[in-house]
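Please find one structure pasted underneath; my questions will follow.
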Amino acid sequence: MILQAVLELVFGLIDGLLGLLPTAPPPDWFADGAGYFGQIWAMGTGLGGWVPWDVFGLVLASVGTCLAIAVVVRITRILISVFTGGGGSAA
C-alpha cells in the first residue's frame, strides 16, 4: 500500500509536469510516413531489371535460417554442457 501511494505520487508529479509543457501536432512530413514509404517501395520495385529481388529475398531467408540454426545449436551445446557437469563452458 505504501509503494502504491509513492508510485501514485511520483506519476502524479510527472503527469503534472508534462501538463505544463505545450503540445503541438506532429509535422506533416511525419504524419504522411506511409505515403513516403510507398513511394520508396515503388521506386525500388522499378529496379527489378538490375536487382534480382527474388534471389535477394531467398538469400536473406537462407541467412536468417542459418543464424537461427546456429543459435539453436549453441543453446543446445550450453544446456548439454551444464547437464553433463561441464559448467556451461560451451558458451
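Mind giving me the nanometre distance, one decimal, between the label points for S81 and T23, set 7 Å out from Cα along Cα→Cβ?
5.3
Let me ask something else about it. Kirkwood Rh over Cα pairs of region 1-51 into Stokes-Einstein at 4 °C, 1.567 mPa s: D in µm²/s?
84
I would also like to ask the following. Percent of Cα-Cα pairs per 10 Å bin, from 0 to the last occupied bin, for region 10-91, please list those.
For region 10-91, the pair-distance distribution reads 13, 15, 16, 16, 25, 14, 0.
Just to confirm, what accessible area per residue do you get for the chain at 1.4 Å probe, in whole Å²?
Numbers: 8080 Å² over 91 residues.
Solvent-accessible surface per residue comes out at 89 Å².
Over the chain, with every protein chain in place, what whole percent of the accessible area is carbon and sulfur at 1.4 Å, could you tell me? Walk me through the numbers before you get to the answer.
Numbers: 6140 of 8080 Å².
The C+S portion of the solvent-accessible surface of the chain is 76 percent.
Something else about it: What ³J(HN,Hα) values, in whole Hz, does the Karplus curve 6.51 cos²θ - 1.76 cosθ + 1.60 give for region 49-66 when θ = phi - 60°, with x put for Gly and Pro?
Rounded to whole hertz, the list is x, 9, 10, x, 5, 5, 5, 4, x, 5, 5, 4, 5, 5, 5, x, 5, 5.
The values are calculated or read from the model by the stated rules, or taken from the named source; none is laboratory data. Because the structure is predicted, anything quoted here is derived from the model rather than measured. All Cβ positions, glycine included, derive from the backbone under ideal geometry; neighbour counts span all protein chains shown. These accessible areas exclude ligands, DNA and RNA; they are computed on the full protein's heavy atoms, side chains included. Shrake-Rupley method; radii C 1.70, N 1.55, O 1.52, S 1.80 Å.
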